[in-house]
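The values are calculated or read from the model by the stated rules, or taken from the named source; none is laboratory data. All figures in this text were calculated on a predicted structure; none of them were measured in a lab. Neighbour counts are summed over all protein chains in view; Cβ atoms, including those assigned to glycine, are modelled from backbone coordinates with ideal geometry. What goes into the accessible areas is simple: the full protein's heavy atoms, side chains included, and nothing from ligands, DNA or RNA. Shrake-Rupley method; radii C 1.70, N 1.55, O 1.52, S 1.80 Å.
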Amino acid sequence: IKIGFVACGFNSKAVLYLSHDIFRFFDPDIVEIHIFSTGQPDPPQFIEGTMRGVDWRQRVMDTVDYFHDVREYRGDHIGLARYIHDMQIQVLIEWDGYARQGDRAGGLMALRPAPIQILHQEFLMTSGAQYIDYIITDKNVSPLHLEGLYTEKFLWLPNHFFSKGHAMQKELHPPQLEYKPKTVK
């Protein structure tokens, strides 16, 4: 199954920090992961100085089958739709929702470049669009009794709407129960 994720934010941003490790958990015998990134990579000085050498975009590149830098299609949702369709993506997951005006692939999903289209991460309400088939959510954010207000069908994650992988990152230290204030010299 060819699964595509499209977003402008495959760089240092909170959503990617919290979720980038999910790509490691897909079974490569079953799925082929494609990333379609419409946004800019982080500048090297930012990666080295601010991010202490951690390049989140590179981490995604290292854990997926194909990373497509499709910045040339920013503002050309028809061209991007053709590109994704030509890749024969079967499931397309949109990570920007209505966020990132000007950078996100606005209009892309309306062209239905994939047979199954899913909204996830950045926007937690209905898109109101007939061309988004599912929304990845949970029972607290999207209770069953509200399903009639959504154009999408619910795909509930068991505990939380957000696909978190950051707890598996080796850079994170386990929480400490003791508080040790810094001493001022």
*Using a cut-off of 14 Å between beta-carbons, work out the net charge of the residues near Ile33 (Lys and Arg +1, Asp and Glu -1, Ile33 not included).*
-3
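Full-extension gain between Glu147 and Tyr17, please, as 0.36 nm times their residue separation minus the C-alpha to C-alpha distance. Intermediate results must be reported in sequence, preceding the final value.
Details: separation 130, 0.36 × 130 = 46.80 nm, distance 2.98 nm.
That pair, Glu147 and Tyr17, stretches by 43.8 nm at full extension.
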*May I ask for the Kirkwood hydrodynamic radius of region 1-127, worked out over all distinct Cα pairs and given in angstroms to one decimal?*
14.8 Å
*asked:* Can you report the principal axis dimensions of region 23-89 using only the alpha carbons, biggest first, rounded to whole angstrom?
replied: 39, 34, 10
*Leaving out ligands, DNA and RNA, what percent of the accessible area of region 1-138 is carbon and sulfur, probe 1.4 Å?*
53 percent
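With viscosity set to 0.890 mPa s at 25 °C, what whole-number translational diffusion coefficient in µm²/s follows for region 57-158 from Stokes-Einstein and a Kirkwood radius over Cα pairs?
168 µm²/s
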*Whole number please: convex hull volume per residue of the Cα set in region 15-57, in Å³?*
88 Å³
_Label-point gap, in nm, between Leu111 and Thr50 - each point 7 angstrom along Cα→Cβ_ = 3.1 nm
*Per residue accessible area of region 1-129, 1.4 Å probe, in Å²*: 48 Å²
